[in-house]
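Below you'll find the structure, written out as C-alpha cells, and then a few comments.
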Amino acid sequence: MRHAILLALWIATAGALLTTPLQAAHVKVYVLTGQSNSLGTTADPEETDYTPGTDPADAITRFFWSNVWNETTPIGDSSGLITTLQQQQGGAPSPTFWGPEFGFARKMYDEGVTDIMVVKASRGGGGNTYWSKSDGGHMYQHVLDTVATATAELTNAGDTFEISGLLYLQGESDDTYEASVSGVRLAALVDNLRADLPNATNMHTVVGGIAAAGSNRDVVRSQQSDLGATSPIVDYFSNLDLAGGLYDGLHFDKPSKLIVGERYAEAFLYGIPERPPRPGHVDGGPVIDGGTTPYAWYRADGGVVTYSAGSDQAACWRDESGNDRHLEASGDPQLVHGGIDARPSVTFDGIGDFFDSPPAEWGVADAGTVFSVWKRTASLDPRTVLYDSAALGERQYFFDWDGEQFLVGGSVADGANHLAVLNDTIGAEEWVVVSVTHTTGSTDTVRINGEVVYTGDLLSDGMNGLRIGEYVKLGYAWEGDVSELIVFEGDLPADEHQAITCELMLRWGVTPSPGDANADGQVNAADARILAEHWLTPTDAAWTVGDYNTDGLVDDLDASILASNWTGSSEGNAQVPEPSALVALVGLALCTLDLQQRNRK
C-alpha cells in the first residue's frame, strides 16, 4: 500500500512537471554579417588544427546561421533551427567556416553574460553594395530573412528577445567607389536595420576594422573609423595590429579570429575607450640654440597624451616642433617611466603598436634627417621595425635584428627592400642615439652615437607621413622603447648634426665611447682640445667637457682615458699617443688658447 501511494505521488509530480512550461528567457540577439573574415576561413596552410577548440560557452550559446556564396548559391545553414555554437559548413579550400562569433560568445560568457543568441548571415567576398537596401543588395534582404527566422524560433519556444547588437566586418573587397561611400552606406545600413528588424530600436553596431593593405582599404578604415567617432550608435575598433595574422595577406588566422571576436564583446560590454581631443598647436623651436627648427619632434617626457590621467595607454604623441604634426596611436603603446635613468619612454610590444600621422596632416617632406633615441628588447621574434612612411607609395628607414646581426634598410614603392649590415651591433636593452640622413641621389648615412656605421643606398625616398612602430606593407612590428624622435627636412650642417647628437645623448644619459667628448664617433685631437679647454676645471661630471671618468674634475686621469681610446683624425691618422705625450699636448693646447686670448686683447 505504501509503495502504491509513493508511485501515485511520483506520477502526479512528473505529470505536473511535464505540463508546466520551462521559464521563458529574455534573449539578447547579436547579428553577425560581412564578407569572408566575418565568415571565417580555415585555409591557413600553417595551421594543423583549424578548429576553434572547445570552451564551456560553446554549449550554452544559442546559435543560428545561414551563410551564402552569392545571391543564388548557399553555403549552408542550421536547418532553420536554433542550435549551439559550432563550426559551419565549409567550402574549398576551407574545410569548415567559423569566425569572430567564437571569441565573442566566449568573452561574453567569461563576463557573465549568458542569455544571448548569435545570428550569423555572412557571405564569401563582395563589396558593400550587397548590403545596401537602396541599391537592392541581396545581403540586406538575406540578413532580414535570417534574423526573422531565428527570432521566430525564439518566440515559438516561449522566449522574448531584443536585437541588441550588429557585428559588422566588411570592406576588403570594396572597389574605389564603394570605398568612397563606405561610411555613408554603413550609416544607412545601421538605420535601416534598426527600422526593419524586429525589436531592434536600440540596436548598437560595432564595426571591426579590416587589416589587409591597400589604398581602397585605407579609405574604408578611415570612413568606418570616422563614423564610429561621430555616431552615438556605432563604435569602431582597429585590427591593424593583427595584420601579421593575415595568413594570406587577406584572411585572419585562428588566433586573430578569436581576438577579433573578443574585441567585439569588449566593445559591447565596455565601449571603446574615449580618445582625448587631438592636441592643438605646440610652441616649438630649435633643438639647440640658433639651430634649425625640426619638421616634427616627439619627446616622451612631455608630449605623450594618454587616454586618462590614470592610464598609461598612449592615445596621441604631440609634435613639439610647433607644426602640429601630431601622431595618433593604434594598438596599445604604453607610456612608461623605466627608460634611461627611469625617465619616460614609450614601449611597443611587438604585436602591432604604432603611431602614425595621416599624410594630409604631415605634408610631403623631402627625405631628410631623422634622429631617434631608442632601445630594442631581446625577442624570440627578431623582425623589428622602428619607423617608416605612413603611405604605401613612399617609405623611409627601418631597423631589423635577424638574430645574429643588426641591419638597417630602406624600400621603395614596390616593396623591394635593401638591408645593409651595420658595422656595430646594437645589443638588446642598449639605449642608443641613431641618426639616418638621406640627401640626394643614392647617399644614405647612418650614425650610432655619432659614429658613421653605414654609407650607401638604402632605396629611401620622401616621407609622405610618418609611422613609428610598424612597417606599413609587411606588418612587421617594433618591440622596444622610444624616448625621442626628431625629423628634419633636408640635410644639416655637420656641426649642427654633431651638436644635436651630443644634446640627445646628454638629455637621455646615453654613454658615448670613452674619450669622445664631441660625440663624432672619433677620439682625436678635437677631443684633446676640448679636454685642454677645461683642464683642471671642476665639472658636473660631463663627458662633453673632457671629464671622461666623471669624477668632477678634468685632469691627467681623463687624459689617460683619451689616450687609451685614441682613434686619430677623420683623415685616418690613428697613431695613439702615450698618456705623457697627451698631457704635453694638453699643455700645448692650453698655451695656444692663452696666446689666442692675449692676441684678442
Open item on the list: Please determine whether any residue of the stretch 204-212 is crowded, with 22+ Cβ neighbours inside 10 Å, in contact (Cβ under 8 Å) with a residue 24 or more places away in the chain and more than 30 Å from Asp332 (Cβ to Cβ).
Closed with: no
Task: Of the criteria (1) under 21 Å from Glu430 (Cβ atoms); (2) open to solvent by 20 Å² or more (accessible area, probe 1.4 Å); (3) assigned to a helix (DSSP H, G or I); (4) not β-branched (Val, Ile, Thr), which one Gln522 fails - done: (3)
- [ ] Would you please name the residue that is nearest to Lys28 (Cα to Cα), looking only at residues in the stretch 172-203 that are surrounded by fewer than 18 Cβ atoms within 10 Å (Cβ to Cβ) and charged (D, E, K, R)?
- [x] Arg194
Open item on the list: Checking the condition open to solvent by 20 Å² or more (accessible area, probe 1.4 Å), within 23 Å of Asp481 (Cβ to Cβ) and at pLDDT 90 or above, which residue from Leu335, Leu269, Leu258, Leu327 passes?
Closed with: Leu335
- [ ] Find all pairs meeting these conditions: Cβ atoms under 6 angstrom apart; at least six residues apart or on different chains; first residue within the stretch 345-373 and closer than 16 Å to Arg325 by Cα; second residue among the basic types (Lys, Arg).
- [x] Phe354/Arg467; Asp356/Arg467; Ser357/Arg325; Trp362/Arg325
Task: Number of the condition not met by Glu470 [criteria: (1) modelled with pLDDT under 85; (2) open to solvent by 20 Å² or more (accessible area, probe 1.4 Å)] - done: (2)
Open item on the list: Restricting to the stretch 289-311, name every residue that is closer than 23 Å to Gly490 by Cα and surrounded by 13 or more Cβ atoms within 10 Å (Cβ to Cβ).
Closed with: Gly291, Thr292, Thr293, Pro294, Tyr295, Ala296, Trp297, Tyr298, Arg299
- [ ] Counting only residues that are open to solvent by less than 20 Å² (accessible area, probe 1.4 Å) and farther than 22 Å from Thr205 by Cβ, give me the strands (runs of 3 or more DSSP E) lying completely in the stretch 53-129 with at least 2 of them.
- [x] 88-91, 94-97
- [ ] Go through the residues of the stretch 269-285 one by one and say whether even a single one is farther than 30 Å from Ser94 by Cα and without any contact (Cβ under 8 Å) to a residue 12 or more places away in the chain.
- [x] yes
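For (1) among the hydroxyl-bearing types (Ser, Thr, Tyr); (2) closer than 17 Å to Val143 by Cβ; (3) touching a helix residue (DSSP H, G or I) at 6+ places or on another chain (Cβ under 8 Å), each residue gets a yes or a no:
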{"residue": "Ala43", "(1), (2), (3)": "no, no, no"}
{"residue": "Pro56", "(1), (2), (3)": "no, no, yes"}
{"residue": "Phe63", "(1), (2), (3)": "no, yes, yes"}
{"residue": "Pro74", "(1), (2), (3)": "no, yes, no"}
{"residue": "Ala92", "(1), (2), (3)": "no, no, no"}
{"residue": "Phe102", "(1), (2), (3)": "no, no, yes"}
TODO: For the stretch 219-251, enumerate the residues that are outside any helix (DSSP H, G or I) and among the polar types (S, T, N, Q).
DONE: Ser231, Ser238, Asn239
- [ ] Assess whether Val336 counts as being out of contact with any Cys (no Cβ under 8 Å at 6 or more places or on another chain) and either more than 22 Å from Phe399 (Cα to Cα) or of a type in the set (Ser, Thr, Tyr) (or both).
- [x] yes
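The values are calculated or read from the model by the stated rules, or taken from the named source; none is laboratory data. Nothing here was measured: the structure is a model prediction, and the numbers come from that model. Every residue, glycine among them, receives a Cβ derived from its backbone with ideal geometry; neighbour counts consider all protein chains shown. These area figures cover heavy atoms from the full protein model, side chains too; ligands, DNA and RNA do not enter into them. Shrake-Rupley method; radii C 1.70, N 1.55, O 1.52, S 1.80 Å.
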